[in-house]
Amino acid sequence: CIGAAILHGFSENEDLIDQTRFQKFVDGTMAQFRQRAFLYEAALRGGVGLFQASNGVTPPEWKRYVDNLDLDRNYPGILGVGYILVVPNSELPGFVRRIRSEGNPGFTYRKIDQNGIASPSVRLDTHFIITAIEPVSRNAPAVGLDIATEKNRYEGAMRAARSGQPEVTRPIQLIQDFSKHAGFLLFLPIYREKKIFGWVYSPLTVDKFLGNV
């Protein structure tokens, strides 16, 4: 489940949180943690269901879906819910034009540009583009980013694509979090004809997640 994935992502990074304190946190708050994890998983699975029920989802349709979730009230600690689409390099210009025509005229493709980031070791001929995320008021810097250009995000997405289950990144610096606190992304894959089509995902900051739990 997504709870196990989050725990695994936390426990792998010894610099993020002292392991003794982490174990006490796990032992003392697992019931709350599982409840929170189920909430997050429900939000992601609902988004995947939207894609499975439609030939295509546009940014305005996605906004209506996330608005109905009422994140701040029902999903405390979550910064937003978005979707990432797989785009072959040869189709990138047409993809950008299509998203602009579907309700986001300012949409642009961007690589992740952060100090100290590592690129994936594989040669990339396919892009993983954050196509929409709501609420856009606090997530606008992430729209249009190619998460395949950064190692931790790329590897987290690929783990989810291979497992078919919710997966998390190792701790990262979220583009939209100007406080520079450690964060992570949750991924749930979307498949079309047994091939990876994209992901529904959510960004969270570690301090808000732990504090709210």
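The values are calculated or read from the model by the stated rules, or taken from the named source; none is laboratory data. These numbers come from a predicted model, not from an experiment. All Cβ positions, glycine included, derive from the backbone under ideal geometry; neighbour counts span all protein chains shown. Just the protein is used for accessible areas: all its heavy atoms, side chains included, with ligands, DNA and RNA removed. Shrake-Rupley method; radii C 1.70, N 1.55, O 1.52, S 1.80 Å.
Can we say Y154 is surrounded by 21 or more Cβ atoms within 10 Å (Cβ to Cβ) and touching a Gly at 6+ places or on another chain (Cβ under 7 Å)? Here the answer is no, as Y154 does not meet what is asked. In region 132-152, the residue that is farthest from the chain's Cα centre (by Cα) out of those that are free of Cβ contacts under 8 Å to residues at least 60 places away in the same chain and in a helix (DSSP H, G or I) is S137.
Residues checked against (1) part of a helix (DSSP H, G or I); (2) in contact with a Phe, Trp or Tyr (Cβ under 9 Å, 6 or more places away or on another chain); (3) surrounded by fewer than 12 Cβ atoms within 10 Å (Cβ to Cβ); (4) at pLDDT below 90:
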position: L39; (1), (2), (3), (4): yes, yes, no, yes
position: L44; (1), (2), (3), (4): yes, yes, no, no
position: G49; (1), (2), (3), (4): yes, no, no, no
position: N55; (1), (2), (3), (4): no, no, yes, yes
position: K63; (1), (2), (3), (4): yes, no, no, no
position: N68; (1), (2), (3), (4): yes, no, yes, no
position: D72; (1), (2), (3), (4): yes, no, yes, yes
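Looking only at region 122-134, which residues are closer than 11 Å to W62 by Cβ and either open to solvent by 40 Å² or more (accessible area, probe 1.4 Å) or not hydroxyl-bearing (S, T, Y) (or both)? A132, I133, E134, listed by residue number.
Scanning region 134-183 for residues that are basic (K, R) and at pLDDT 90 or above gives R138, K151, R153, R159, R162.
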